[in-house]
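The block underneath contains the structure these notes are about, expressed in structure tokens.
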Amino acid sequence: MMETLSGKKEIMKSVLKKILLVANIYAILFAFVMTFLLGKIFFVCYGIYDDVVQLRNSQPEQSSFMIHLRDSIPDIKLRHTYVPMDSISPYLKKAVIAGEDPGFFFHPGFDLRAIANAYEVNSKMGRIKYGGSTITQQLAKNMFLNGERSMARKAKELVYAVLMENELGKDRILELYLNYAQWGENIFGCKEACLAFYGKDCSNLTLDQAINLAAVLSAPTKLQPEMSGNDFMELRKSIVEQGVYAGRAHQKTTQPSP
């Protein structure tokens, strides 16, 4: 009987040793994997941070979106000229905010309500049509990312957006957005858009012209500011106009009515 109990104890000790050995091996492997992943996350985030900080005082010659467009259409002649914030019509600033992101001056880079509304609309349509992206997120996507639809890309977009809010500030983000937004198949930035559609500098826009230009941003390769007979364009103009007159844009962008 004693021999049987002794044998069982030895077996239990052997089993426990094996369990502890396996547990130690898994713990070591887990530590290595987590160290690798954390290191990778650190370098990715550091790279993102470095990208954002460079935008404080410099303007890239072209955005990531412009580069991808040139790669896909080698013969395309892109029109893009950068202008500082004080050379952009206050009407256009307000109209763009009203049409693209009414809560721009109040959110931290992403708008949960807009995301929820987009989710509801997409669910009804049975496909992803709207993303609920803020101006900051749109700028992040245009400047640094590609057009793929994936959770990884969306996560990067959010990281960029939050960092941009903290490192650049609202006015700088808006200035960059207005200068790199697409306003036509080969037209980027408000200066070239104003020259192409109205033959004038972007500091001299009327309120109506600003509303028309802001409406184009929802589908820049399909719409034009003075397009008539297009139901979608008329709807967009109406939305932007309502936003402008409802005072939903921040007072920094206002200007006395003409």
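Worth pointing out:
A quick yes/no check of all residues on (1) part of a loop (DSSP other than H, G, I, E, B); (2) surrounded by fewer than 17 Cβ atoms within 10 Å (Cβ to Cβ); (3) modelled with pLDDT under 95; (4) not aromatic (Phe, Trp, Tyr):
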| position | (1), (2), (3), (4) |
| --- | --- |
| GLY132 | yes, no, yes, yes |
| GLU148 | yes, yes, yes, yes |
| ALA152 | no, yes, yes, yes |
| LEU174 | no, no, no, yes |
| TYR177 | no, no, no, no |
| LYS191 | no, no, no, yes |
| CYS194 | no, no, no, yes |
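- When LEU92 is tested against (1) at pLDDT below 95; (2) among the hydrophobic types (A, V, I, L, M, F, W, C); (3) not in a loop (DSSP other than H, G, I, E, B), just one condition goes unmet, and that condition is (1).
- Set GLY103, GLY99: member being assigned to a loop (DSSP other than H, G, I, E, B) and open to solvent by less than 70 Å² (accessible area, probe 1.4 Å): GLY103
- Test result for GLN242, surrounded by fewer than 22 Cβ atoms within 10 Å (Cβ to Cβ), touching a helix residue (DSSP H, G or I) at 6+ places or on another chain (Cβ under 7 Å) and at pLDDT 80 or above: no
- Looking only at region 64-88, and only at residues there that are among the polar types (S, T, N, Q) and either under 23 Å from the mean Cα position of the chain (by Cα) or on the phi > 0 side of the Ramachandran plot (or both), the one that is surrounded by the most Cβ atoms within 10 Å (Cβ to Cβ): SER64
- Only one of the numbered conditions (1) part of a loop (DSSP other than H, G, I, E, B); (2) of a type outside the set (Ser, Thr, Tyr); (3) modelled with pLDDT of 95 or more is violated by GLU185, and that is (3).
The values are calculated or read from the model by the stated rules, or taken from the named source; none is laboratory data. This structure is a prediction, so every number in the text was calculated from the model and none was measured. Backbone-built Cβ (ideal geometry, glycine too); neighbour counts: all protein chains shown. SASA here: full protein model, heavy atoms, side chains in, ligands and nucleic acids out. Shrake-Rupley method; radii C 1.70, N 1.55, O 1.52, S 1.80 Å.
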